[in-house]
Amino acid sequence: MADSVSMSLGQHRERTRAAYDADAAGWKAHSTPRQLELAKKLRAQVEGIIIDLGCGPGWHLRLLEPAVGVDLSIQMGQLANAHGAVTQADLSRLPFARESIGGVWAARSLVHLPRTEVPMALAELHRVMRTGATGYLWVFEGDDEARHCGDDSFPGRTFSYWPREMLRQTLEGAGFDVGE
């Protein structure tokens with residue numbers, strides 16, 4: 001039973017990656033960058049390198065410099081390369097040394113993981129962040145495990161939704177202090 005569940009979780013990740021790889025330029029053309037002022041605020045608060053998890057086309061990389069974008073999608077990474085350094089990586093296996101990262105920007109990237117995989121990704125994030133590092137992350141509020149959205153303007157992606165208290169407990173369980 002565990003093997004079929006793991007395969008199913010991996011399939012969710014693969015479908016989402018494939019959706020972005022199939023038309024990264026189309027997604028970029030129909031999307032707009034958000035929270036630009038907040039990205040500048042993070043940069044002002046943090047010393048050292050910031051990682052942009054799920055950097056997409058790299059809209060925030062220049063605002064976060066020095067920064068490294070991380071995206072599972074090869075095509076998104078290629079778009080982001082125009083804005084800064086990018087590496088292709090899975091959120092639960094980050095290619096950074098322990099305590100090497102000063103800050104984290106994770107705008108709607110963890111939403112593509114099933115909730116059962118988020119604790120491992122957060123543990124990995126905790127591993128690479130320096131003590132006292134600051135991070136901003138956004139998820140979708142609600143109470144639904146990874147699923148496809150029928151009304152998604154970019155079909156094929158999988159999303160998970162989080163009740164506020166469950167997210168707080170998951171973050172704290174991974175060793176993070178949670179602000180508002």
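Within a Cβ distance under 13 Å of VAL68, other residues only, what is the Lys/Arg minus Asp/Glu net charge? Intermediate results must be reported in sequence, preceding the final value.
Working: positive: ARG62; negative: ASP52, GLU65, ASP71.
Neighbour charge sum, excluding VAL68 itself: -2.
Taking θ as phi - 60°, what are the ³J(HN,Hα) couplings along segment 111-124 by the Karplus curve (6.51, -1.76, 1.60), each to the nearest whole Hz, with x for Gly and Pro?
Each residue of segment 111-124 in turn: 5, 7, 9, x, 4, 5, 8, 5, x, 5, 5, 5, 4, 5 Hz.
Could you work out [θ]222 nm for the chain from helices alone, using -39500 (n - 2.57) per DSSP H run of at least four and dividing by all its residues? Round to the nearest 500 deg cm²/dmol. If you can, show how the numbers build up before the last one.
Details: 7 runs with 69 residues, N = 180.
Value at 222 nm, helices only, nearest 500: -11000 deg cm²/dmol.
Please list ILE51, ILE74 from largest to smallest accessible area, probe radius 1.4 Å, with all protein chains kept in place. Spell out each step's value before the answer.
Details: ILE51 0, ILE74 80 Å².
The most accessible residue leads, giving ILE74, ILE51.
Pulled fully out, how much extra length does the chain show between GLU141 and MET120, if you take 0.36 nm times their separation in residues and subtract their Cα-Cα distance?
Values: separation 21, 0.36 × 21 = 7.56 nm, distance 1.99 nm.
Gain in length upon complete extension: 5.6 nm.
Leaving out ligands, DNA and RNA, what percent of the accessible area of the chain is carbon and sulfur, probe 1.4 Å?
Values: 4960 of 9370 Å².
Ligands and nucleic acids excluded, carbon and sulfur reach 53 percent.
For SER31 paired with ARG15, estimate the spin-label separation in nm (one decimal), with each label point 7 Å from Cα along the Cα-to-Cβ line.
1.8 nm
Under 12 Å from a point placed 7 Å out from the Cα of GLN45 along the Cα-to-Cβ direction: which residues of segment 101-131 have their backbone N that close?
Residues 103-106 qualify, since their backbone N sits under 12 Å from the label point.
Where does the chain land on Rg(C-alpha)/(2.2 N^0.38 Å)? Intermediate values should be presented prior to the final figure.
Numbers: Rg = 15.5 Å, N = 180, 2.2 N^0.38 = 15.8 Å.
Rg over 2.2 N^0.38 Å, computed on Cα atoms: 0.98.
Enter the accessible area per residue of segment 48-180 (Å², integer; probe 1.4 Å; all protein chains in place). Before the final figure, lay out the partial values.
On the way: 6180 Å² over 133 residues.
For segment 48-180, the per-residue accessible area is 47 Å².
Using Cα pairs closer than 8 Å and at least 6 residues apart in sequence, work out the relative contact order for segment 18-121, in percent. Could the numbers behind the result be given before it?
Numbers: 171 pairs, mean separation 28.7, N = 104.
Dividing the mean separation by the residue count of segment 18-121 yields 28 percent.
The values are calculated or read from the model by the stated rules, or taken from the named source; none is laboratory data. Note that the structure is predicted; figures quoted are calculated from it, not measured. Virtual Cβ from ideal backbone geometry, glycine too; neighbours counted across all protein chains shown. Heavy atoms of the whole protein, side chains included, go into the accessibility calculation; ligands, DNA and RNA do not. Shrake-Rupley method; radii C 1.70, N 1.55, O 1.52, S 1.80 Å.
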